[in-house]
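Asker: Pasting a structure here, questions to come.
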Amino acid sequence: MASARDISQPLGTDRTVSYSLSVSPTATFNSPPASHGSFLAGGLPRRPKPLKPFNTEDIKILLLENVNQTGQDILTKQGYQVDFLKTSLPEDQLIKKIRDVHVIGIRSKTKLTEKVLREAKNLLVIGCFCIGTNQVDLEYAAKHGIAVFNSPFANSRSVAELVIAEIITLARQLGDRSNEMHRGTWNKVSSKCWEIRGKTLGIVGYGHIGSQLSVLAEAMGMSVIYYDVVTLMAIGTAKQVPTLDDLLEQADFITLHVPETPETKNMISVKQFERMKKGAYLINASRGTVVDIPALIKASRGGKIAGAALDVYPNEPAANGDYFNSQLNQWGEELCSLSNLILTPHIGGSTEEAQRAIGVEVSEALVRYINQGTTLGSVNLPEVNMRSLTQDEPNHARVIYIHRNVPGVLRKVNEILADHNVDKQITDSKGDIAYLMADISNVKTEDIKAIHDSLDSLTSRVLTRVLY
Ligand SMILES: NC(=O)c1ccc[n+]([C@@H]2O[C@H](COP(=O)([O-])OP(=O)(O)OC[C@H]3O[C@@H](n4cnc5c(N)ncnc54)[C@H](O)[C@@H]3O)[C@@H](O)[C@H]2O)c1
Ligand SMILES: O=C(O)[C@H](O)COP(=O)(O)O
């Protein structure tokens, strides 16, 4: 376990509670454990141990939504207190729990809105153990010095493979045939069943998933076109088309891989279905809000589309169990009555491979941020990275100062640090928020509080931490 040092989390401007995982009065400043040495017994150089600046067991983490064991193990090994739940939580329970924790780990269901985050007085960092971060109010989090990390591509391949499976399943009406057999009906048909070879796949959103899918689809003999708001390099012989309408008019299969944003809400609605070829297929494994469900039902009933696959829905439940019969989904009955419609419960990224990789990636980012303040990979704070301080560097401290991006801050910070040797300093900004990291040496224990309090009294301050 780490020796007792300090992680100072001051009050944000509107935070009313601070936590103090603070310096134990008896802790010796930066004295390494007796067993600590630079070389292993065999004489091999050994990697310097990173400094652990506080009692790691004081860090409280809440993991929701069945975060993978790999992630739990990494956090538990650090000595943090990890509370694990298989499901997400209703808002009132979430608010109660989040008040107490320094770290929360979620997946796509837990909504960390301003209302919830306002209560999160102790929260340092959010880990989204998934790709999407639309469930978090990223701007509010940044303005209150709460870093957010995700796993940008560890489940991309899993989603792309699911979509390939769905393209064939739709083209061959496999869902309907299987359902009929389950009901005891033999219905051998070839009418309106197709090979996918030679058909055109239209990919909307050519990012990590879209481009991976492009490769797989071409390998199966499909022609690929894509539409994206930015101009992107085509992979293989895929072609970017200038407008969504161009894509809708040409594609036999349309698959959506855009994030949830105000611009993508109901991106596929009545007009877009009208633009599609008669007999086209639609696949949505992005976010439920991207497709206007009543318009989909109409297009399917009227024979405009020959089938669809939905993995995501405008409202999704917090836990496994009854869904379509609950109040959550007003279209359940109608959707279930449509033919050649594949419905899956948001399983695009749900493979062992993806979940294990995400568990490792996000937990490691959380540990780096908690212990060292490194924001590499953060989706809402400027990315600042410095090598870890080690126990071989006595009397060093790392100052982290998250502040409003206004003129004159650096001068004031450097006045405060002026009596110390600043070994290294990095600062970067993103919009209204800037992140400064400085390693200083020749620091005495009593200096730490003074530095912390001086920085904390600056009007630009969002959050100050001094790690040592
Ligand atoms: N079903 C699942 O389990 C599952 C799993 C992973 C991701 N997802 C969803 O899939 C989405 C895409 O994932 P990704 O990793 O490929 O993301 P990405 O960020 O790598 O790619 C998204 C692409 O969409 C483009 N885009 C954004 N807005 C657009 C618009 N209005 N019109 C056209 N293009 C637009 C972007 O430029 C980008 O190229 C995620 O945001 C997430 O919501 C779902
Ligand atoms: O954003 C994502 O990565 C996907 O939607 C998967 O979300 P999940 O982890 O909640 O399954």
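Asker: Which ³J(HN,Hα) values, rounded to whole Hz and listed in residue order, are derived for segment 70-76 from phi using the Karplus coefficients 6.51, -1.76 and 1.60 in 6.51 cos²θ - 1.76 cosθ + 1.60 with θ = phi - 60°, glycine and proline given as x?
Answerer: Calculated HN-Hα couplings, in order: 4, x, 4, 4, 4, 6, 5 Hz.
Asker: Per residue, how large is the accessible surface of the chain? Use a 1.4 angstrom probe and give square angstrom. Could you put the intermediate results ahead of the total?
Answerer: Working: 21660 Å² over 468 residues.
Value returned for the chain: 46 Å² of accessible area per residue.
Asker: Determine the gain in length on full extension of the stretch I347-Q425; use 0.36 nm per residue of separation and subtract their C-alpha separation, reporting nm with one decimal.
Answerer: Here the answer is 23.7 nm.
Asker: Right, something else. Over 26 Å between Cα atoms: which of K115/K271; K192/K298; K424/K444; K199/K304; K188/K278 fall into that group? Don't skip to the answer; put the middle values down first.
Answerer: On the way: K115/K271 35 Å; K192/K298 20 Å; K424/K444 18 Å; K199/K304 17 Å; K188/K278 24 Å.
Those over the limit are K115/K271.
Asker: Just report the Cα centroid separation between segment 269-341 and segment 155-195, whole Å.
Answerer: Comparing the Cα centres of segment 269-341 and segment 155-195, I get a distance of 16 Å.
Asker: How much of the DSSP bridge set in the chain is antiparallel, in percent, rounded to the nearest 5?
Answerer: Working: 29 of 68 bridges.
Expressed as a percentage, antiparallel bridges in the chain total about 45.
Asker: Whose amide H sits under 5 Å from the amide H of I433, counting only residues 5 or more places off or on another chain, with H placed in the peptide plane?
Answerer: For I433, the qualifying residues are N405.
Asker: Here's something else I'd like to know. What is the calculated FRET efficiency for N315 to V229, with r their C-beta to C-beta distance and R₀ = 22 Å, to the nearest 0.05? Intermediate values should be presented prior to the final figure.
Answerer: On the way: r = 26 Å, r/R0 = 1.20.
Computed FRET efficiency for N315 and V229: 0.25.
Asker: Taking the Cα centre of the chain as the origin and placing charges on Cβ (Lys, Arg +1; Asp, Glu -1), which of G408, L112, S178 is farthest toward the positive end of the dipole?
Answerer: Result: S178.
Asker: What whole-number distance in Å separates the alpha-carbon centres of segment 377-403 and segment 405-468?
Answerer: Using only Cα atoms, the two centres lie 11 Å from each other.
Asker: Hey, can you grab everything whose amide H is under 5 Å from the amide H of G307? Only 5+ residues off in sequence or another chain; H modelled, so Pro and N-termini drop out.
Answerer: L282
Asker: Filter the trypsin sites (Lys or Arg not before Pro) in segment 366-461 down to the DSSP loop ones having no more than 14 other Cβ atoms within 10 Å, then list what survives. Display every interim value, and only then the final one.
Answerer: Details: sites: R368, R387, R398, R404, R411, K412, K424, K430, K444, K449, R461; in loops: R387, K444.
Passing sites in segment 366-461 are R387, K444.
Asker: From the residues I433, V443, S158, which one has its Cα farthest along the dipole of the chain in the positive direction, the dipole being from +1 and -1 charges on Cβ of Lys/Arg and Asp/Glu about the Cα centre?
Answerer: Value computed over the given set: S158.
Asker: List the relative contact order of segment 61-150 as a percent without decimals, with contacts defined as Cα pairs under 8 Å and 6+ residues apart.
Answerer: Numbers: 152 pairs, mean separation 24.7, N = 90.
Reported relative contact order: 27 percent.
Asker: Could you calculate the FRET efficiency of R275 with Q69 from 1/(1 + (r/R0)^6), where r is the beta carbon distance between them and R0 is 35 Å, rounded to 0.05? Spell out each step's value before the answer.
Answerer: Numbers: r = 46 Å, r/R0 = 1.30.
Once the sixth-power term is evaluated, E becomes 0.15.
Asker: Something else: What number, in percent, do you get for the relative contact order of segment 310-468 if the mean sequence gap of Cα pairs under 8 Å and at least 6 apart is divided by its residue count? If you can, show how the numbers build up before the last one.
Answerer: Numbers: 202 pairs, mean separation 33.2, N = 159.
It rounds to 21 percent for segment 310-468.
Asker: Here's another thing I want to ask about it. Report, in debye and to the nearest 20, how large the dipole of segment 95-233 comes out about its Cα centre when Lys and Arg carry +1 and Asp and Glu carry -1 on their Cβ. Write out the running numbers ahead of the final one.
Answerer: Numbers: 18 positive and 12 negative charges, 104 e Å.
Result for segment 95-233 is approximately 500 debye, rounded to the nearest 20.
Asker: State, to one decimal in nm, how far the label point of R404 lies from the label point of T185, with both points 7 Å from Cα in the Cβ direction.
Answerer: Those two pseudo-labels are separated by 6.6 nm.
Asker: With the full set of protein chains in place, find how many percent of the accessible area of segment 405-461 is carbon and sulfur; take the probe as 1.4 Å. Please report the intermediate quantities before stating the final value.
Answerer: Details: 1460 of 3080 Å².
The value for segment 405-461 is 48 percent carbon and sulfur by accessible area.
Asker: Moving on. What does the extension gain come out to for N442 and D83, with contour length at 0.36 nm per residue minus their alpha carbon separation?
Answerer: Values: separation 359, 0.36 × 359 = 129.24 nm, distance 3.82 nm.
Full extension of this stretch gives 125.4 nm more.
Asker: Under 1.5 on a/c is rounded, so check that first for the chain, then, if it is not, pick prolate when a/b is larger than b/c and oblate when it is not; a ≥ b ≥ c are the square roots of the alpha carbon gyration tensor eigenvalues. Show your work: numbers first, answer last.
Answerer: On the way: a/c = 2.31, a/b = 2.28, b/c = 1.01.
Note, shape of the chain comes out prolate.
Asker: Leaving out ligands, DNA and RNA, and with a 1.4 Å probe, what % of the accessible surface on segment 270-404 is carbon or sulfur? Don't skip to the end; give the middle numbers.
Answerer: Working: 2740 of 5620 Å².
About 49 percent, which is the carbon plus sulfur part of the accessible surface.
Asker: Another question, if that's okay. Placing +1 on the Cβ of each Lys and Arg and -1 on the Cβ of each Asp and Glu in segment 307-422, which of P382, G332, N315 has its Cα farthest towards the positive end of the resulting dipole?
Answerer: In segment 307-422, that residue is P382.
Asker: Please work out how much length the chain gains when fully extended from E415 to E161, using 0.36 nm per residue of separation minus the C-alpha to C-alpha distance, in nm with one decimal.
Answerer: Contour length minus Cα-Cα distance gives 85.9 nm.
Asker: To make sure I understand the rule: partners must be lysines, Cα under 26 Å from the Cα of K109, and not fewer than 8 residues away in the same chain. Which ones qualify?
Answerer: K60, K86, K96, K97, K121, K143, K265
Asker: Counting only helical runs of four or more DSSP H residues, what would the 222 nm mean residue ellipticity of the chain come to if each run contributes -39,500 (n - 2.57) and the total is spread over all its residues? Intermediate values should be presented prior to the final figure.
Answerer: Details: 14 runs with 133 residues, N = 468.
About -8000 deg cm²/dmol.
Asker: Might you report the magnitude of the Cβ-based charge dipole of the chain about its Cα centre, with Lys and Arg at +1 and Asp and Glu at -1, to the nearest 20 debye? Intermediate results must be reported in sequence, preceding the final value.
Answerer: Details: 50 positive and 51 negative charges, 71 e Å.
Dipole of the chain, to the nearest 20 debye: 340 debye.
The values are calculated or read from the model by the stated rules, or taken from the named source; none is laboratory data. Bear in mind the structure is a predicted one, so any value in this text is a computation, not a measurement. Positions of Cβ are backbone-derived with ideal geometry, glycine not excepted, and every protein chain shown enters the neighbour counts. Protein only, heavy atoms only, side chains kept; ligands, DNA and RNA dropped before computing areas. Shrake-Rupley method; radii C 1.70, N 1.55, O 1.52, S 1.80 Å.
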